[in-house]
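Note sheet for the following structure.
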Amino acid sequence: MKWKAACAYVEEHHRHHAPPQGHQFSLGVRTNDGRLVGVAIVGRPVNRHFDNGLTIEVTRVATDGTANACSALYAAAWRTARSAGYRRAITYTQDGESGASLRAAGWRKIADLPARPGWDSPSRSRRALGTENMARALWEITTHDASPLPEPCDETCDETQPTRGRRKRCPECKRSLTATATGRPPRYCSPACRQRAYRHRNRNRAVSNP
């Protein structure tokens with residue numbers, strides 16, 4: 001689906017979320033008579049710890065209540081992502097949602113995440129979205145050779161604060177990272193390591209999707 005059309009459908013039908021800021025691709029599901037009954041928007045993982053170049057996130061699914069529309073969208077999102085070379089797809093459900101549509105499409109729940117107060121901080125102000133203080137569940141579907149995600153505790157850490165209790169290391173050269181006084185902690189120790197990681201991700205994509 002076109003980006004604007006998918007966003008318009010989410011704006012009209014989604015129960016608690018506005019459209020996201022961007023996407024990699026969007027999909028729609030129609031009945032036999034051509035009526036649009038649901039959309040899925042798929043993009044990069046919102047959590048930067050999961051954004052390894054081989055993971056995609058279903059950020060929005062909205063339907064008009066038609067039976068099996070959600071399952072069809074989750075299944076189609078994974079087929080599309082896998083054909084593009086991705087090895088994992090993730091998504092979240094809020095507390096009180098059963099996840100039956102995800103299970104029907106072959107997804108599995110891997111973590112229950114506690115509620116968090118939001119992402120606003122003195123160094124980076126963010127407006128309230130109305131979905132704060134809500135426990136969530138993390139779901140995934142993967143290829144057989146997908147590397148494991150970071151531990152669930154990493155998913156709930158406050159990215160705007162320095163990491164406490166352990167020293168983080170650069171994933172390329174393994175040197176210790178120096179936490180900044182404010183703002184998001186660094187992910188790599190230098191621009192050179194960041195560039196090497198970028199080249200490695202592109203090389204892995206080329207190998208998995210020749």
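Quick notes on this one:
So that you can scan it fast, the table gives a plain yes or no per residue for (1) under 16 Å from residue 76 (Cα atoms); (2) touching a Lys or Arg at 6+ places or on another chain (Cβ under 8 Å); (3) of a type outside the set (Val, Ile, Thr):
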residue: 8; (1), (2), (3): no, no, yes
residue: 17; (1), (2), (3): no, yes, yes
residue: 27; (1), (2), (3): yes, no, yes
residue: 47; (1), (2), (3): no, no, yes
residue: 52; (1), (2), (3): no, yes, yes
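- Residues that are at pLDDT 90 or above and either surrounded by 14 or more Cβ atoms within 10 Å (Cβ to Cβ) or touching a helix residue (DSSP H, G or I) at 6+ places or on another chain (Cβ under 8 Å) (or both), drawn from the stretch 35-49: 36, 37, 38, 39, 40, 41, 42, 43, 44, 45
- Sole exception among (1) on the phi < 0 side of the Ramachandran plot; (2) open to solvent by 60 Å² or more (accessible area, probe 1.4 Å) for residue 96, by number: (1)
- Any hit, the stretch 196-208, residues being touching a Ser or Thr at 6+ places or on another chain (Cβ under 6 Å), open to solvent by 70 Å² or more (accessible area, probe 1.4 Å) and modelled with pLDDT under 80: no
- Given (1) at pLDDT below 70; (2) in contact with a His (Cβ under 9 Å, 6 or more places away or on another chain); (3) open to solvent by 60 Å² or more (accessible area, probe 1.4 Å); (4) of a type outside the set (Val, Ile, Thr), index of the condition residue 134 fails: (1)
- Given (1) modelled with pLDDT under 60; (2) surrounded by 12 or more Cβ atoms within 10 Å (Cβ to Cβ); (3) out of contact with any Lys or Arg (no Cβ under 9 Å at 6 or more places or on another chain), number of the condition residue 104 does not satisfy: (1)
- Check on residue 52, open to solvent by 10 Å² or more (accessible area, probe 1.4 Å) and within 20 Å of residue 10 (Cα to Cα): no
- The requirement of being acidic (Asp, Glu), at pLDDT below 90 and under 21 Å from residue 201 (Cβ atoms) is satisfied by residue 145.
- Hits in the stretch 52-67 - residues which are touching a Phe, Trp or Tyr at 6+ places or on another chain (Cβ under 7 Å) and in a loop (DSSP other than H, G, I, E, B): 54
- The listed residue being crowded, with 19+ Cβ neighbours inside 10 Å, assigned to a helix (DSSP H, G or I) and on the phi < 0 side of the Ramachandran plot, out of 89, 72, 8, 76: 72
- Figure legend. Inter-residue proximity from the stretch 9-34: first residues under 25 Å from residue 51 (Cα atoms) and at pLDDT 90 or above, second residues surrounded by 13 or more Cβ atoms within 10 Å (Cβ to Cβ) and among the charged types (D, E, K, R), beta-carbon distance below 8 Å, spacing 6+ or different chains. Indicated pairs: 10/60; 24/44.
- Residues that are part of a loop (DSSP other than H, G, I, E, B) and within 17 Å of residue 86 (Cβ to Cβ), drawn from the stretch 24-51: 24, 44, 45, 46, 47, 51
The values are calculated or read from the model by the stated rules, or taken from the named source; none is laboratory data. Because the structure is a prediction, the values reported are computed rather than measured. Virtual Cβ from ideal backbone geometry, glycine too; neighbours counted across all protein chains shown. Accessible surface is based on the protein model in full, side chains and every heavy atom, while ligands, DNA and RNA are left aside. Shrake-Rupley method; radii C 1.70, N 1.55, O 1.52, S 1.80 Å.
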